[in-house]
Amino acid sequence: MAKEQATVDFKLCDPSKCSTDGRCPARKACEKRVLKQDGPGETPYLFGPCVACGTCITACPLGAITLK
């Protein structure tokens with residue numbers, strides 16, 4: 001059975017709606033640092049193995065991150 005991983009719904013994600021500086025709060029919350037964001041306002045993405053801890057999911061105010 002495949003392990004769950006966080007996924008970002010790019011249609012829902014808009015860091016400019018989440019914070020005044022355009023930095024993704026879910027990226028900041030990711031303790032393993034596998035959620036990356038290239039710059040302010042850019043959509044975050046997974047870079048590395050997700051441990052499915054769920055911190056990014058609870059930190060995302062737009063509900064754009066889920067486990068699949």
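Below are the figures for this structure:
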read-out: Members of region 42-51 found to be more than 14 Å from residue 18 (Cα to Cα), assigned to a loop (DSSP other than H, G, I, E, B) and either under 12 Å from the mean Cα position of the chain (by Cα) or of a type in the set (A, V, I, L, M, F, W, C) (or both), listed by number; value: 47, 50, 51
read-out: Output for region 23-68, where each listed residue is without any contact (Cβ under 8 Å) to a residue 60 or more places away in the chain, within 11 Å of residue 5 (Cα to Cα) and not hydrophobic (A, V, I, L, M, F, W, C); value: 48, 49, 54
read-out: Complete set of residues in region 18-30 that are over 22 Å from residue 49 (Cα atoms) and modelled with pLDDT of 95 or more; value: 21, 22
read-out: Where residue 36 falls short, out of the listed (1) basic (Lys, Arg); (2) over 10 Å from residue 56 (Cα atoms); (3) open to solvent by 90 Å² or more (accessible area, probe 1.4 Å); value: (3)
read-out: Residue in region 31-41 that is within 12 Å of the chain's Cα centre (by Cα), assigned to a helix (DSSP H, G or I), at pLDDT 95 or above and polar (S, T, N, Q) present; value: no
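Okay, residues lined up against (1) part of a helix (DSSP H, G or I); (2) surrounded by fewer than 17 Cβ atoms within 10 Å (Cβ to Cβ):
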{"residue": "3", "(1), (2)": "no, yes"}
{"residue": "16", "(1), (2)": "yes, yes"}
{"residue": "23", "(1), (2)": "no, no"}
{"residue": "27", "(1), (2)": "yes, no"}
{"residue": "53", "(1), (2)": "no, yes"}
{"residue": "56", "(1), (2)": "yes, no"}
{"residue": "61", "(1), (2)": "no, yes"}
{"residue": "66", "(1), (2)": "no, yes"}
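The values are calculated or read from the model by the stated rules, or taken from the named source; none is laboratory data. Only a predicted model underlies this, so the values are computations on that prediction, with no experimental measurement involved. Here Cβ is always computed from backbone atoms with ideal geometry, including for glycine, and neighbour counts include all displayed protein chains. We work out accessible area using only protein heavy atoms, side chains counted, and drop any ligands, DNA or RNA first. Shrake-Rupley method; radii C 1.70, N 1.55, O 1.52, S 1.80 Å.
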